[in-house]
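Here the structure is laid out as structure tokens; the discussion comes afterwards.
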Amino acid sequence: MSTVCTAKASYKKIPGLLELTSTHLQWTQDGKKAPAVHVAHTEVSSLFSSKEGAAQVRLKVGLENDSNGHNFAFTSPAPLALTERETFKAQLTTIISNNRAARDTGAVQLPQTGVQTPSNGGIRRAPAPVPPRPSDSRAESVSSHRGTPVNDPINDFHVRKKVLLNTPELAALHRELVMSGQITETEFWEGREQLLLAQAASDSQKKGRPGQLVDPRPQAVEGGEVKIVITPQLVHDIFDEYPVVAKAYDENVPSKLSEAEFWKRYFQSKLFHSHRASIRSTATQHVVKDDAIFDKYLERPDDELEPRRPRDDEVDMFIDLEATREDHEETGNERDVTMQAGKQRGALPLIRKFNEHSERLLKSAISTDGTGKRRRLDSGDASDSGGHYSQIDLADLHNPEPSSGVLLEMQDRQRYFESRAGAAASAEQAPRPTVDLRAAWQQMRRDLDGWQGHLAQLKTDRKAAEAALASMTENVATRLDAQKRKADIPEEIFGQMRTCQTAANEFLRQFWSAIYPPVGESTLGGPTTLAQKTAKATRMAGYLTKTSEKVGAIVRAAEMAGVDRSRVQTGMQPTLDAAKRALEFWETRKAAPGARRA
């Protein structure tokens, strides 16, 4: 077999040589001949690398039959190590893509690389196809694309990547736990399906037309000239907004004008200035030179009392302002003329231009077939022929549907309710004191007699009032000082505390999700059987046992940095308590005879 690329790399902190051949990826310890790691191309399923600028240049290879994979650290000098890693990444990425493409067709084949044999000079082909094995790698490849169906956003690699890019804290947790091999990719996203569904819903939203009126703005360049950058999108918007320009283009290009000359003359014509979204454009038309071609397409300003293009569709009765114009004429209703358009005749063309543009936007948003026609809503009720009831039948006006709630699992449920029933029965049997309402009323009146005089005689102790005011002032000053004062915990120590707490919270979430919900109600392909949930809970409990050790290391580092250890211990105490509670629960459950999961 031929060697594709080699590099000096350490594996489990042991120096050696990493090689990629035509059929295998292998690593051999220095001083030994037999490779300690020997992986076929067909077993490689994913690839990860350390970020640029990291202390070590690392490469992680995920395998089909090994969820942990292999981690290699390139030991050459920094520039050479980075180059070597990129070479391996390029080759392995191609191998992973070929594996996935072959897996989609039903079989995974080794690369058909021709290898010369010394005996007969022929070419030795790859072995027979190997059936694919299910992948349970801890992390999917970041350097390649997945062929996940679009209708499965929870397992879509691109959706997961976007969520991580949009949430830096979640991405840091992913690097800390998944890329280090402590939890699997599936376990990490279990319970976070809503983030993936929300991202998929955001990506699937169709972007509507821009609401801005098409109005190309000239840009000043050197020499006192101006220019307008013409793009295909700008041409499409101009034709869509002003059909007369599209008509002029069809009639004159290329028979009379070239495309470049057409646009140059259009932006210098009166037709362009009549389309500008400004009242000043009407004044500009008087100083623009005449154009024999574009002046034929000019239209008179739409400044009459009635618009030139009246609405051709029926106005909905719920938004028709003239629907009740003739109501109660006998009472002398008069038309309101204070908001009548046209007081300034020069503004009418611009107002109607904006109205037409807004109408086109609404039609494009309402229509579902791209024709600009509104989609009629059928209520399905024969009596509601116009669909009017369906428009005013709002979901917020209906009573919410009752929820079944969450079933509470209790130990000794029967004894609990029996004790509650006994307490209620004894309370009912106990004699109740009788109250004389008349005597109580007379006593209250005697107590309130002369309350005005008593209130006037009330005197507040000056010292007590000053003490209360001083206490409040001191409290406010302390809070302001705490906000202005720089934190006395260094950022490095605080970052370690934050990382430890985030990781412990994730382990706790994974631990409790392995216990609740009951067996058979897991999500996202998580553990469903009793044995799987037990194995997951045992593994998470093992990680939680190391929480106190990690906190102790942070406390020692804080002491070396001159930070009061009690502050660090106080900040990390809730995390320690939560981990301790989970471990005590797990030990109790394991020790209980015949214990089973809820």
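Some points to look at:
- Between the amide H of Val4 and those of Leu20, Thr21, Ser22, distances stay under 5 Å, these residues lying 5 or more places away or on another chain, with hydrogens modeled in the peptide plane.
- Loop-located GluC sites (Glu not before Pro) across the stretch 3-73 with a Cβ neighbour count of 10 or fewer within 10 Å are Glu52, with loop assigned by DSSP.
- For Ser49, the amide hydrogen comes within under 5 Å of the amide hydrogens of Lys60, counting only partners 5 or more places away or on other chains and with H modelled in the peptide plane.
- Segment Gln205-Asn166, extension gain: residue separation times 0.36 nm, minus the distance between their alpha carbons: 12.3 nm
- For the stretch 153-204, the alpha-carbon coordinates run over 33, 19, 16 Å along the three principal axes, in decreasing order.
- Summing Lys and Arg as +1 and Asp and Glu as -1 over all other residues whose Cβ lies under 10 Å from the Cβ of Leu59 gives a net charge of +2.
- Counting only protein heavy atoms and a 1.4 Å probe, the stretch 1-103 has 48 square angstrom of accessible area per residue.
- Counting 0.36 nm for each residue step from Glu492 to Thr538 and taking away their Cα separation leaves a gain of 13.4 nm.
- Here's the list of lysines a cross-link from Lys580 could span, going by alpha-carbon distance under 22 Å and ignoring same-chain residues fewer than 8 apart: Lys533, Lys536, Lys546, Lys550, Lys590.
- Within a straight-line Cα-Cα reach of under 17 Å, Lys256 can be paired with the following lysines, leaving aside sequence neighbours fewer than 8 residues apart in one chain: Lys247, Lys264, Lys296.
- Model label points for Ala470 and Gln268, set 7 angstrom from Cα along the Cα-to-Cβ axis, are 8.6 nm apart.
- Once both labels are positioned 7 Å from their Cα atoms along Cα-to-Cβ, the gap between Glu251 and Gln411 label points is 9.0 nm.
- Once the chain from Ala425 to Lys13 is taken as fully extended at 0.36 nm per residue, the excess over their C-alpha distance is 141.1 nm.
The values are calculated or read from the model by the stated rules, or taken from the named source; none is laboratory data. Given the structure is predicted, the values throughout are model-derived calculations rather than measurements. No Cβ is skipped: glycine too gets one built from the backbone with ideal geometry, and neighbour counts run over all protein chains shown. With ligands, DNA and RNA removed, areas are computed over all heavy atoms of the protein, side chains included. Shrake-Rupley method; radii C 1.70, N 1.55, O 1.52, S 1.80 Å.
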